[in-house]
Amino acid sequence: MDRNAPPPKPPKKRLTLVDYILFGSVAALVIFSGYRVNDVLVYNWEWSRVLNFVVRVDDETGQYFTNLLVRGLETTLRLAVWGTILATIIGVVMGYWRTCENLTLRIISRCYVELIRNIPPVVFIFIFFFFISSQIFPAIGLDDVDPDAAVFANPVFHFLFGDPRLLSNFLAGLLCLAMFEGAYVTEIVRAGIQAVPKGQWEAARAIGLSPIRVLGDIILPQALRKILPPLAGQFITLIKDSAIVSLISIQELTFMATEVAATTTKVFETWILVGGMYFILCYSFAVLFAWLERQAARSRR
Amino acid sequence: MLDITSKPLVEITGMCKWYGEFSALHDINLSVHEGEKVVVCGPSGSGKSTMIRCINQLEAHQKGTISVNGAEVSPDMKNIEQIRREVGMVFQSFNLFPHMTILDNLTLGPMRNRGVSRADATDLAMHYLERVHIAQQAEKYPPQLSGGQQQRVAIARSLCMKPKVMLFDEPTSALDPEMIAGVLDVMIELAEEGMTMIVVTHEMGFARKVADRVVFMDEGEIIEVAEPEEFFNNPQSDRAQLFLSQLLGH
């Protein structure tokens with residue numbers, strides 16, 4: 001046989017009858033649901049009333065203003081970004097403590113993780129929120145800040161943390177979310193650290209690296225690459241979980257949506273719209289993380 | 001040739017170690033002088049690796065004393081990094097850092113522990129990479145190299161710390177047969193340059209060629225210490241005789 005002959009072509013992938021039947025069934029189900037909502041329920045769709053809460057047009061001047069839902073989305077975005085950063089910091093520190101030889105550190109991190117994982121998020125957030133909003137924030141004087149002070153009343157601060165008048169509200173929601181998600185990040189980080197072979201610790205120690213260098217230069221970079229996929233999943237979960245803090249009146253997207261749905265009585269439109277917003281947000285992050293993963297995989301080669 | 005009257009570089013006296021209830025090392029006494037090459041052999045599980053891993057405190061001993069270059073090494077000491085820079089170690093499984101280039105593997109120790117600048121560390125690294133005949137691979141990552149090449153890089157990485165003594169923990173045991181010679185050649189060159197070496201190995205050819213003394217261990221104890229010719233031709237203990245007959249018997 002000729003060694004240089006080209007390899008046989010792989011068979012073409014074709015849709016079979018089964019695939020067409022499956023597609024057909026799904027399409028039929030969607031059309032039927034639409035029919036039920038439209039004709040049987042006699043639902044009167046009024047998208048414009050809800051869309052008014054995304055962007056409002058001033059009738060007299062003709063100017064556009066972003067409305068409640070966009071402001072909610074902005075807060076959700078801030079919660080997502082700051083929450084991810086805070087949860088990562090908590091998770092890395094606690095995750096490292098979980099693997100330490102020091103018993104005290106292990107007990108603290110273990111208690112933290114078990115406490116949060118074994119209480120429903122809503123319950124935890126109620127307890128934690130009333131604790132920080134009634135005890136911690138008044139104690140550090142956060143309730144009495146002057147929103148007109150130069151530190152707060154500038155565009156950079158507004159961009160990063162939102163309306164200064166709602167600062168303690170925002171921070172309370174952020175801390176709840178970060179504390180809660182941090183426990184799950186902790187477990188992911190712990191698994192990542194433990195997945196780094198023992199020989200890496202030994203080699204790093206043997207060339208005289210200090211404990212902090214061993215962790216920072218050798219262990220964490222390797223652990224991070226291993227845990228990037230579950231970490232990405234957790235951060236997307238964090239965005240979705242941020243809806244929970246609407247229960248403690250943090251004015252993010254879900255909270256705003258509740259208001260809009262109540263005011264307009266257009267429940268379907270509101271929640272479908274908000275669902276779409278969450279989807280776009282989460283899916284963008286998923287694409288971003290997939291890209292990061294590919295970058296990490298490339299640099300390993 | 002050897003200045004036995006000088007103070008030993010590594011001195012172990014009455015060292016004991018337990019894993020739980022299990023006595024892993026019992027009453028180890030060993031002195032290694034500057035420039036001396038000691039080969040440690042014995043059946044698997046005899047405590048050879050554990051003993052040399054105690055010298056740079058990758059394992060903590062519980063009784064007795066170990067001193068390196070005059071300083072006592074203990075499990076609870078501060079600044080163990082100071083001792084470890086004097087003691088290079090080469091592992092059976094190489095343990096290169098897979099997320100760093102070969103060059104970064106070598107420069108990390110000198111930069112972090114000895115405070116050497118990046119430029120100087122790079123010069124140093126290239127110097128040692130040339131010595132282990134691998135300089136042209138400096139920008140590659142460890143998984144791209146063969147086992148033998150990785151082990152030579154690992155030796156160079158240790159040498160970059162300019163250690164006073166080098167520990168080798170079965171450096172050729174994880175290698176394919178055709179890779180072993182290259183690693184042993186590097187070790188022999190190192191020995192000829194006068195490096196103090198403690199080598200756990202089953203390479204008896206290497207022991208005969210390089211070792212000043214052979215230490216035979218079994219069940220956590222040093223059974224016999226002799227010059228290589230003496231040890232291989234005329235082992236004193238039954239256990240050493242049995243071990244050698246099993247090693248050379250086929």
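The values are calculated or read from the model by the stated rules, or taken from the named source; none is laboratory data. What you see is a predicted model, and the numbers here were worked out from it, not measured in a lab. Here Cβ is always computed from backbone atoms with ideal geometry, including for glycine, and neighbour counts include all displayed protein chains. SASA here: full protein model, heavy atoms, side chains in, ligands and nucleic acids out. Shrake-Rupley method; radii C 1.70, N 1.55, O 1.52, S 1.80 Å.
Overview of results
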| item | result |
| --- | --- |
| Accessible surface, segment A:168-301, averaged per residue in Å² (probe 1.4 Å) | 41 |
| Helix axis angle, B:147-159 relative to chain B longest principal axis, alpha carbon, degrees | 90 |
| 15 Å beta-carbon shell around B:Gly45, net charge (K/R +1, D/E -1) | -2 |
| Degrees between helix B:177-192 axis and first principal axis of chain B (Cα, 0 to 90, nearest 10) | 90 |
| Average partner coverage of B:79-89, which counts Cβ from other chains inside 10 Å | 3 |
| Point-charge dipole on Cβ atoms (K/R +1, D/E -1) for chain A, about Cα centre, debye to 20 | 2040 |
| Inter-chain Cβ neighbour average for residues B:91-97, partner chain, 10 Å | 5 |
| Relative contact order, percent, chain B [alpha-carbon distance under 8 Å, six or more residues apart] | 25 |
| Of all accessible heavy-atom area on chain B, the percent that carbon and sulfur account for (1.4 Å) | 47 |
| Between A and B, accessible area buried - total, square angstrom, nearest 100, 1.4 angstrom probe | 1800 |
| Segment A:87-101-segment B:21-83 distance, computed between alpha-carbon centres (Å) | 32 |
| Choice from B:Glu203, B:Glu21, B:Glu36 showing the highest fluctuation, given a GNM over chain B with Cα pairs closer than 10 Å | B:Glu21 |
| Choice from A:Ile280, A:Ile250, A:Ile188 showing the highest fluctuation, given a GNM over chain A with Cα pairs closer than 10 Å | A:Ile280 |
| Overall form of the protein assembly as shown per C-alpha gyration tensor (a/c, 1.5; a/b vs b/c) | prolate |
| Radius 14 Å from Cβ of A:Phe65, net charge of other residues (Lys, Arg +1; Asp, Glu -1) | -2 |
| Spin-label zone in segment A:217-244 - amide nitrogen under 14 Å from a point set 7 Å from the Cα of A:Gln194 along the C-beta vector | none |
| FRET efficiency estimate (nearest 0.05) - Cβ-Cβ, A:Ile280 to B:Phe22, R0 60 angstrom | 0.50 |
| Whether segment B:160-250 is rounded, prolate or oblate, judged on the alpha carbon gyration tensor where a/c under 1.5 counts as rounded | prolate |
| Members of segment A:201-220 that become less accessible by 30 Å² or more once partner protein chains are added (1.4 angstrom probe, chain alone as reference) | A:Glu202, A:Ala203, A:Arg205, A:Ala206, A:Ile207, A:Gly208, A:Leu209, A:Arg213, A:Asp217, A:Ile218 |
| Chain A, relative contact order [Cα under 8 Å, separation at least 6], % | 25 |
| Residue-normalised accessible area of segment B:21-134, given per residue in Å² at a 1.4 Å probe | 40 |
| Relative contact order (%) - segment A:30-74, alpha-carbon pairs under 8 angstrom, separation at least six | 25 |
| Euclidean distance between Cα centres, segment A:138-175 to segment B:184-230, Å | 69 |
| Distance in nm between pseudo-label sites at A:Thr61 and A:Phe23 (7 Å out along the Cβ direction from Cα) | 5.1 |
| For segment B:169-225: accessible area per residue (Å², 1.4 Å) | 39 |
| Folded to 0 to 90 degrees: helix B:238-248 orientation relative to chain B principal axis, Cα | 50 |
| Heavy-atom accessible surface of segment A:155-301: percent carbon and sulfur, 1.4 Å | 68 |
| Mean Kyte hydropathy of 0.0 or more with a Cα span along the axis of at least 18 Å, helices from DSSP in chain A | A:17-35, A:68-99, A:103-117, A:167-195, A:220-241, A:267-300 |
| B:Ser237-A:Cys100 FRET efficiency (beta carbon distance; Förster radius 51 Å; 0.05 resolution) | 0.75 |
| Selected from A:Lys12, A:Lys226, A:Lys266 as most flexible by GNM, with chain A as the system and alpha-carbon contacts under 10 Å | A:Lys12 |
| B:Asp185 versus B:Thr101: modelled label distance in nm, points set 7 Å from Cα along the beta carbon direction | 2.6 |
